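The structure appears below as structure tokens.
The values are calculated or read from the model by the stated rules, or taken from the named source; none is laboratory data. Just so it is clear, the model here is predicted, and its values are computed rather than measured. Please note: Cβ atoms are built from the backbone with ideal geometry, for glycine as well, and neighbour counts cover all protein chains shown. For accessibility, only protein heavy atoms count, side chains too; no ligands or nucleic acids. Shrake-Rupley method; radii C 1.70, N 1.55, O 1.52, S 1.80 Å.
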Amino acid sequence: MSALRFDKATIRLGGRDVLSQASFIIEDGEFIGMLGANGAGKTTLMRAALGLAPLAGGSITIFDQPVTRGNASIGYMPQNRGLASGLRLSGYDVVASAAIGARFGLRWLDKAARREIDWSLDQVDARELARRSIGELSGGERQRVLLSQALLGRPRLLLLDEPLISLDPSHQKAVVEIARRLREELKITIVFSAHELNPLVNAIDRVLYLGAGAAVIGPVDEVVTGPVLSRLYGSEIEVIRVKDRYFVMAGGVDVEAEAHRREHGHEHEHGHEHGHAHPHSHGHDGSHV
């Protein structure tokens, strides 16, 4: 069974085809790294899978069923940009707000909801972290708490949108390792978007690379090549491999590292890619904000 299937799917935003007749299949249980140039459509693809971005053509299916908004089989972790800098809520409150689909601070939870919250926190070793104010946590700790939020309802497909933004290499490694462990222990499918391949390269089964309205999926060695990426980026690309590290070069500049550097400074991607998925969104359909 496929977890996610795009069949000649076209997504059009502002008169531009973010994806144009894209076709690919992600199998149940795979760990997929999703990459692409700025504005290539990584966030938009996830929103389309959630039923939040309409198709201009083609179809998308989730576990062989048509896309529906609020699909409980999908867990979604939207991008975290400066979340909680002034919040005094505990990590537990943040997760609980998604569990009950209500505003922050409402703590009416029955025993079943509390068990589910505790379970989701335990999956990412965040039970103790959740006792602290979300604003006091480090970036890596905060991502663990938000990842637990996406696990509420025990989804079969987990969509993680740029969870490595603004994290240093050690925290990046920790988040990737948690995601890999979740895939193995919970037998779930994970689509993990990022600007850089290297933090993911030893964890993923295949890579999904977006660009120029197209989507190319396959083993890293087959997709992350000069000819393929030159077509996706629309410019001459050279891929240099040093052991298990890949450098995607354009005119002497590592384009993936440069993109991550801009994100580290909280510069936004293309306007259509951001601004519509609030970091407090519910873990399944993004509709509770």
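Observations, loosely collected:
- Going by accessible surface with a 1.4 Å probe and the largest first, 108, 119 read 108, 119.
- Whole-number percent relative contact order across the stretch 98-172, with pairs defined as alpha carbons under 8 Å at least 6 apart: 31
- Annotation: residue 224 carries an accessible surface of approximately 10 Å², with a 1.4 Å probe and no ligand, DNA or RNA atoms counted.
- Formal net charge of residues neighbouring residue 63 (Cβ-Cβ distance under 12 Å; K, R +1; D, E -1): -1
- Distance in nm between pseudo-label sites at residue 110 and residue 131 (7 Å out along the Cβ direction from Cα): 2.8
- Kirkwood-Stokes translational diffusion coefficient of the stretch 11-156, alpha-carbon pairs, 10 °C, 1.306 mPa s, µm²/s: 93
- Using a probe of 1.4 Å, the accessible surface attributed to residue 114 totals some 90 Å² when neighbouring protein chains are kept in position.
- Whether the stretch 135-206 is rounded, prolate or oblate, judged on the alpha carbon gyration tensor where a/c under 1.5 counts as rounded: oblate
- Residue-level accessible surface for residue 45, protein heavy atoms, 1.4 Å, Å²: 0
- Solvent-accessible area per residue, Å², over the stretch 32-173 with all protein chains present [probe radius 1.4 Å]: 40
- Note, ³J(HN,Hα) from phi for the stretch 145-152, Karplus 6.51, -1.76, 1.60, rounded to Hz, x at Gly and Pro: 5, 5, 5, 4, 4, 5, 8, 4
- Remark on residue 27: its backbone amide H falls under 5 Å from those of 3, a criterion applied only to residues 5 or more positions apart or on other chains, H modelled at 1.01 Å from N.
- The order of 116, 162, 27, 222 by accessible area, most exposed first and with a 1.4 Å probe, is 222, 27, 116, 162.
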